[in-house]
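Enquirer: The following block contains the structure, expressed as structure tokens.
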Amino acid sequence: MKRGVLLFAFNTEQVNYYEMAVITAKRANQFLNLPVTLVTNEFSLPKNPDYIFDCVKISTAQTDNINHNGTWYNKGRYRAYELSPYDETILLDTDYLINSDMLLRLFEMCDDFMCHKSTSYVLNINSEQEAISARSFNTLWATVILFKKTQKVKQIFECLEMIQNNYNHYGTLYNFATSSYRNDYGLTIALRIVNGHLEDTKNYIPWSLLHVAKDTKIQRIADTKYKAIKNNKYTILEDTDFHMMDKTNFMELI
């Protein structure tokens, strides 16, 4: 049975997501011993790549999404089921820094689909779980997803496409802002719909997704050892995966 990692990377004027994908792919090779498939476009792909992905699939970036940093080409993630060449896939954001083999445990835990429900922030012990809105439920996270090729999972990704195409409707229904499309919100709603508007705890990764917020600076000490600094306080992260929200800081670490 084939297992691998799937990454989406579409460069914007502000961020070179392809270079981030190369870093993530190399660390997936190193720590997980898994092949990596990249979904990208011709604009993002360099003429002379210094890293050879297991597979590169050329797609068209959907360029109509804007966040506070400018253009955000995060749409189209619903195509992961269709584009993955693997029977069992770890779908990762490119700003997820792999420092261990922790993700391999998911293959044995997962029936067919898993994502993060709980999160924590480095140097913020009082961080609350994000909710879609004040009158709704907690957000699930699309940063790390493990999925297998089953009929239920196919329905989840089809539902994700439906939500993206009707995002304003779901924003009205669940009372959240629709000015910027978020895969996290789409995933949260899609999984609930497919599960009959009930929670299935088997779909949740049994440890928290560790975020590094933009107000926290990460310094590299060794290959899997880092110093996190915020407001003159610091902590050491060692052999620990984490999700970095500051893309510039991410690139500085490697």
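The values are calculated or read from the model by the stated rules, or taken from the named source; none is laboratory data. Everything numeric in this text was worked out from a predicted model, so none of it was measured. Cβ: placed from backbone, ideal geometry, glycine included. Neighbour counts: every protein chain shown.
Enquirer: Mind listing whichever residues of the range 92-146 are more than 25 Å from Thr40 (Cα to Cα) and charged (D, E, K, R)?
Expert: Result: Asp101, Arg105, Glu108, Asp111, Asp112, Lys117, Glu128, Glu130, Arg135.
Enquirer: Using the structure shown, decide if Asn249 is surrounded by fewer than 18 Cβ atoms within 10 Å (Cβ to Cβ) and touching a Lys or Arg at 6+ places or on another chain (Cβ under 9 Å).
Expert: Numbers: surrounded by fewer than 18 Cβ atoms within 10 Å (Cβ to Cβ): yes; touching a Lys or Arg at 6+ places or on another chain (Cβ under 9 Å): yes.
Yes.
Enquirer: For Ile132, state whether it is at pLDDT below 95, more than 16 Å from the chain's Cα centre (by Cα), buried (at least 20 other Cβ atoms within 10 Å of the Cβ) and among the aliphatic types (A, V, I, L, M).
Expert: It is true that Ile132 is at pLDDT below 95, more than 16 Å from the chain's Cα centre (by Cα), buried (at least 20 other Cβ atoms within 10 Å of the Cβ) and among the aliphatic types (A, V, I, L, M).
Enquirer: Cβ-Cβ distance below 9 Å, separation of 6 or more or different chains: which pairs start in the range 44-61 with a residue that is closer than 16 Å to Gly76 by Cα and end on one that is among the charged types (D, E, K, R)?
Expert: Going by the 9 Å Cβ cut-off, the qualifying pairs are Ile58/Glu42; Ser59/Arg79; Ala61/Lys75.
Enquirer: Sticking with this structure for a sec: Of the conditions (1) in contact with a strand residue (DSSP E or B) (Cβ under 7 Å, 6 or more places away or on another chain); (2) in contact (Cβ under 8 Å) with a residue 60 or more places away in the chain; (3) surrounded by 18 or more Cβ atoms within 10 Å (Cβ to Cβ); (4) within 17 Å of Ser208 (Cβ to Cβ), Glu88 fails just one. Which one is it?
Expert: Here Glu88 clears every test but (4).
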